[in-house]
Amino acid sequence: SKPTIAIVGRPNVGKSTLFNRIVGGRMAIVEDKPGVTRDRLYGNGSWLNYEFHVIDTGGIEIGDEPLLAQMRAQAEIAVDESDVILFIVDGKTGVTDADEAVAHLLRRSKKHVVLGVNKLDNFKQREQMYEFYSLGLGEPYAISCAHGLGIGDLLDAVTAKF
Ligand code: GDP
Ligand code: MG
């Protein structure tokens, strides 16, 4: 069956913008589990010769938990259900405590992780990706989901891990 990519990251970093870019209108129908809303979060994508499922974990709501607990739960779902995790951070904001907490969890999971540094909308802003090497997840990929920059290189890195 097709491999699954899970998109993980803090609220507002651009996960849904990336998800919509990758899947377009190709949504998958999935049933919600009790207490977990997953409507509209599963899609199908393709890149070159690869076809895959995509999950936008940011939209998975688990009860009324605080932010960090939500993010941990979303990351755990990503670890359980995906083959490659696409961890998205905000290059304009820089590294946050929540990014470090999620990075720690992902490193321990031993899953394949590709790190996308979003909101780097022009060439000058690209240098802001370098601080994200500190997350210990390897090479950061500079992207702008809003402008469609760097997405091809990002998907090359992801599909290379299938
Ligand atoms: P999510 O909460 O991680 O799903 O983030 P969203 O996809 O909803 O995006 C949050 C905000 O960031 C929205 O206002 C987007 O328009 C904006 N955004 C997303 N990608 C980019 C980008 O590449 N550059 C800039 N400047 N803004 C972006
Ligand atoms: Mg979202």
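Here D90 does not fit the description of being under 16 Å from R10 (Cα atoms), surrounded by 23 or more Cβ atoms within 10 Å (Cβ to Cβ) and modelled with pLDDT of 95 or more.
Looking only at segment 94-125, residues that are in contact (Cβ under 8 Å) with a residue 24 or more places away in the chain and in a loop (DSSP other than H, G, I, E, B) come to 7 in all.
Among the residues that make up segment 121-137, is at least one of them surrounded by 14 or more Cβ atoms within 10 Å (Cβ to Cβ) and of a type in the set (G, A, S)? No, there is no match, as no residue in segment 121-137 is surrounded by 14 or more Cβ atoms within 10 Å (Cβ to Cβ) and of a type in the set (G, A, S).
Only a single item in (1) at pLDDT below 95; (2) over 23 Å from I22 (Cα atoms); (3) within 14 Å of ligand 1 (Cβ to nearest atom) is not met by D64, and it is number (3).
For the residues V95, V117, the requirement of being surrounded by 19 or more Cβ atoms within 10 Å (Cβ to Cβ) and out of contact with any Cys (no Cβ under 9 Å at 6 or more places or on another chain) singles out V117. Could you tell me whether any residue of segment 53-67 is in a strand (DSSP E or B) and of a type in the set (D, E, K, R)? Scanning segment 53-67, I find at least one residue that is in a strand (DSSP E or B) and of a type in the set (D, E, K, R), so the answer is yes.
Among the residues of segment 10-44, the one identified as away from ligand 2 (no atom under 16 Å from the Cβ), assigned to a strand (DSSP E or B) and at pLDDT 70 or above is N44.
The values are calculated or read from the model by the stated rules, or taken from the named source; none is laboratory data. Note that the structure is predicted; figures quoted are calculated from it, not measured. Quick reminder, even Gly has a Cβ in these numbers, built from the backbone with ideal geometry, and neighbours come from all protein chains shown.
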